[in-house]
């Protein structure tokens, strides 16, 4: 995947195929149309099921967005990769399920469920070492 992050509110801006899931969103919707509260564990499970069946071996869903930030759950089936891409201005990656490895040109981090990683401000890639779901939170400004 190549390119930079923009102010788009869907996962397709990152080259991912979103899933039209409604079960993980709980209650009322905010002004952007996203649920006010999202059951991340449930959404991670649903997206992993879709990722396992999809040719790309990945699926994603933006759970909240606004003018200054976006949060997206990304599911990668074991062995799937998000190829090298530019980093947003600021971002964190929280592993919800599984184990992954984030690579830059000269460093790598292995992250497990429950880990939170500040995404380095440089080109990077992400490999799913097991079925993995992450919450990517991106600053858009």
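The values are calculated or read from the model by the stated rules, or taken from the named source; none is laboratory data. Bear in mind that the values here come from a model prediction, so they are computed numbers and not experimental data. As a convention, Cβ positions derive from the backbone with ideal geometry for all residues, glycine included, and neighbour counts pool all protein chains shown.
Things worth noting here:
- Residue that is within 12 Å of the chain's Cα centre (by Cα), at pLDDT below 85 and over 19 Å from residue 117 (Cα atoms), where the choices are 15, 27, 33: 15
- Qualifying position, being without any contact (Cβ under 8 Å) to a residue 24 or more places away in the chain and touching a strand residue (DSSP E or B) at 6+ places or on another chain (Cβ under 6 Å), among 128, 133, 105, 113: 113
- Top-ranked residue of the range 116-125 - restricted to ones that are touching a strand residue (DSSP E or B) at 6+ places or on another chain (Cβ under 7 Å) and assigned to a loop (DSSP other than H, G, I, E, B), ranked as nearest to residue 66 (Cα to Cα): 119
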